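Student: First the structure, which I've put down as structure tokens, then a few questions once you've had a look.
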Amino acid sequence: MKIALLGYGKMGKTIERLARERGHEIVLIVDENNRTRCTDEQLKQADVAIEFTMPAVAVENYNWCFRNRVPVVSGTTGWLEKWDEVVTACERSGGTFFYASNYSIGVNIFFHLNRWLAQTMARFSNYKVSLEETHHIHKLDAPSGTAITLAEGILKEHPEYTSWKLDEGQVKVGELPIKAKREGEVPGIHSVTYQSGVDEIQICHSAYSRDGFAQGAVMAAEFLVGKQGIFGMEDLIKIKDKN
């Protein structure tokens with residue numbers, strides 16, 4: 001495939017390396033220094049765009065891809081209040097959009113495990129649930145998109161909780177607390193804990209490097225070939241399971 005990279009930070013560079021290793025060609029690299037000079041014609045050279053940027057520019061990037069009928073894979077978090085707007089723009093343009101808060105195959109299996117555990121623990125009100133995530137000091141949004149996805153999975157399955165809240169002090173009844181830590185160069189650690197007066201149950205996912213996230217993003221780009229519409233990691237994992 002011919003790939004356009006929208007965003008060329010540490011993740012973008014890792015995606016570039018892994019995409020080339022899988023035989024793909026990078027035809028356009030866009031970063032904050034050259035975005036205003038990049039043209040529609042340059043973007044149209046690509047079979048797919050992979051976007052890892054900042055919340056402030058992500059939606060503009062999606063619309064740029066939609067207008068030019070270039071499928072886009074995005075892992076930018078922190079913009080989901082505009083989700084409906086993005087879906088509408090994609091559908092109106094007949095575009096293709098793949099979004100995930102986390103592209104790691106392991107994390108997406110973890111999401112399934114999290115929902116199953118929440119469904120099971122909903123019967124035991126003596127266990128209280130909390131989330132904790134740790135990332136590198138360069139990550140700007142908190143909590144992480146992955147932590148929010150975990151929280152939403154719990155809210156869907158556990159009727160005791162109706163909302164999540166960044167744990168910065170007092171947490172009200174019905175609120176699911178999320179603690180966000182920023183330390184060193186940590187790629188990502190997420191844990192979900194159920195605690196009672198006598199014991200606790202914890203599930204945890206730790207990433208060793210960015211490679212797992214980048215590999216999943218490239219696999220998502222490969223998955224989009226010939227498709228139209230809105231997709232996520234559940235679609236990718238289902239296809240892999242069938243194969």
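Student: With loop defined by DSSP as not H, G, I, E or B, and exposure as at most 11 other Cβ atoms within 10 Å, which is the longest segment of the chain clear of exposed chymotrypsin sites (Phe, Trp or Tyr not before Pro)?
Tutor: 1-123
Student: Residue farthest toward the positive end of the dipole of segment 100-184, with Cβ of Lys/Arg at +1 and Asp/Glu at -1: which of Ile148, Tyr103, Thr162?
Tutor: Thr162
Student: Find the accessible area per residue for segment 27-178; the probe is 1.4 Å, ligands and nucleic acids are left out, and the unit is Å².
Tutor: Each residue of segment 27-178 exposes 49 Å² on average to a 1.4 Å probe.
Student: Starting from segment 1-46, pick out the GluC sites (Glu not before Pro) whose DSSP state is loop and whose Cβ has at most 13 other Cβ atoms within 10 Å.
Tutor: Counting only loop positions with at most 13 other Cβ atoms within 10 Å, the GluC sites (Glu not before Pro) in segment 1-46 are Glu32.
Student: Using a 1.4 Å probe on the protein chains only, how many percent of the accessible area of the chain belongs to carbon and sulfur?
Tutor: Carbon with sulfur: 49 percent of the solvent-accessible area.
Student: Per DSSP helix of 4 or more residues, -39500 (n - 2.57); summed, then divided by the residues of the chain. What does that give at 222 nm, rounded to the nearest 500?
Tutor: -12000 deg cm²/dmol
Student: What is the percent of Cα-Cα separations in segment 48-178 that go past 24 Å?
Tutor: 39
Student: Please list, or write none, the lysines whose alpha carbon is within less than 25 Å of the alpha carbon of Lys179, excluding same-chain residues fewer than 8 places away.
Tutor: Lys10, Lys82, Lys128, Lys139, Lys156, Lys165
Student: With +1 on each Lys and Arg Cβ and -1 on each Asp and Glu Cβ, and nothing else charged, work out how big the dipole of segment 170-243 is about its Cα centre, in Debye to the nearest 20.
Tutor: Rounded to the nearest 20 debye, it is 200 debye.
Student: Test of the criteria: in segment 171-221, which GluC sites (Glu not before Pro) are in a DSSP loop and have at most 11 other Cβ atoms within 10 angstrom of their Cβ?
Tutor: Filter output for segment 171-221: Glu183, Glu185.
Student: Report which label in [x] 18.8, 63; [y] 21.2, 74; [z] 20.4, 69 holds the value of Rg and Dmax of the Cα atoms in Å derived from the coordinates of this structure.
Tutor: [x]
The values are calculated or read from the model by the stated rules, or taken from the named source; none is laboratory data. Owing to the predicted nature of the structure, the values given are computational and were not obtained by experimental measurement. Here Cβ is always computed from backbone atoms with ideal geometry, including for glycine, and neighbour counts include all displayed protein chains. Heavy atoms of the whole protein, side chains included, go into the accessibility calculation; ligands, DNA and RNA do not. Shrake-Rupley method; radii C 1.70, N 1.55, O 1.52, S 1.80 Å.
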